[in-house]
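Encoded as structure tokens, the structure appears first; notes follow it.
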Amino acid sequence: MFLFILAMAAAEVAVGLALVLEIYHRFKSLDVDELSEMRG
Amino acid sequence: MQLAFYIASAVAVVSTALMLTRLHIVHALLYLIVSLLGVAVVFYLLGASFVAALEVIVYAGAIMVLFVFVVMMLNLGARGVEMEERWLTPGIWVGPVVLAGILIVEILYMVRGSTAGLGAGGVEPKQVGITLFGPYLIGVELASVLLLAGLVGAYHLSYRKVEKREIQHDADTHEGRAAAGGDLVLAGTDRPARTP
């Protein structure tokens with residue numbers, strides 16, 4: 001059971017950090033308040 | 001044996017509390033690594049030596065290293081300190097502490113009186129391997145598919161199309177070498193030669 005949780009945590013961290021890097025590349029900061037391009 | 005458990009769990013709890021209150025993100029990550037090592041010691045004392053080794057190697061050694069890589073690549077530490085000073089006021093701890101305290105009281109009430117033997121029923125790595133090849137085979141295959149999906153997703157999210165002009169030289173290395181300033185090592189690349 002712990003092995004599956006570990007594998008899932010590794011996959012989740014990889015995808016999550018890729019998202020973080022993408023946000024930094026696009027908005028040049030990791031402030032979530034800067035991500036307000038959608039209107040409304 | 002009980003003393004070893006109390007020491008290891010105290011280290012894990014204290015380093016987690018320190019991790020939550022640090023202003024510099026690299027300090028927080030290092031305290032989280034210490035906390036995971038403490039949890040690995042607790043796993044070992046419970047008899048799960050294979051799980052303890054995996055916790056150190058995979059969780060503290062791969063996942064946290066990924067975090068440290070990203071934080072150090074984006075250079076988040078120094079800029080974040082003043083932001084955290086503004087946001088991490090003492091007053092914001094009331095809500096999470098109260099809710100987590102309710103959970104702790106509930107868990108302590110449920111496990112009162114039952115003494116789980118430390119080190120009772122140690123699981124050998126050979127046993128873990130046999131169960132992974134036997135009853136839990138589907139779980140292993142699903143975990144590998146999940147890791148493949150995570151790998152492809154992370155690669156696709158960070159794919160950048162790089163426009164790079166290539167300098168074409170003839171197959172004769174003398175021209176390429178002269179263009180690179182007499183350097184045989186740089187002759188095949190488009191990097192400018194170093195001026196001595």
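Values in this text are rule-based calculations from the coordinates and carry no lab data. Note that the coordinates shown come from a computational prediction; the quantities given were computed from them, not determined experimentally. Note that each Cβ is placed from the backbone with ideal geometry, even for glycine, and that neighbours are counted across all protein chains shown.
Whole-Hz Karplus ³J(HN,Hα) for region B:155-162, in order, using 6.51 cos²θ - 1.76 cosθ + 1.60 and θ = phi - 60°, x for Gly and Pro?
Coupling constants for region B:155-162: 5, 5, 5, 10, 7, 10, 7, 9 Hz.
Work out how much length B:MET72 to B:VAL152 would gain on full extension: take 0.36 nm times their residue separation and subtract the Cα-Cα distance, in nm to one decimal.
26.5 nm
Over the whole of A:19-25, what's the average partner chain Cβ count within 10 Å per residue? Rounded to a whole number, please.
Numbers: counts 4, 6, 6, 4, 0, 4, 3.
Taking all residues of A:19-25 together, the mean is 4.
Using θ = phi - 60° and the Karplus form 6.51 cos²θ - 1.76 cosθ + 1.60, what ³J(HN,Hα) does each residue of region B:73-82 get, whole Hz, x for Gly and Pro?
Along region B:73-82, the couplings run 5, 8, 6, 8, x, 5, 6, x, 5, 6 Hz.
Mind checking A:1-9 for the average number of partner chain beta-carbons within 10 Å of each residue's beta-carbon?
Rounded to a whole number, the mean comes out at 6.
Ordered by packing density, taken as the mean number of other Cβ atoms within 10 Å over each peptide's residues, highest first, how do B:64-74, B:32-42 rank?
Final packing ranking: B:32-42, B:64-74.
Roughly how far apart, in whole Å, are the Cα centres of region B:70-87 and region B:48-67?
What the calculation gives is 25 Å, centre to centre.
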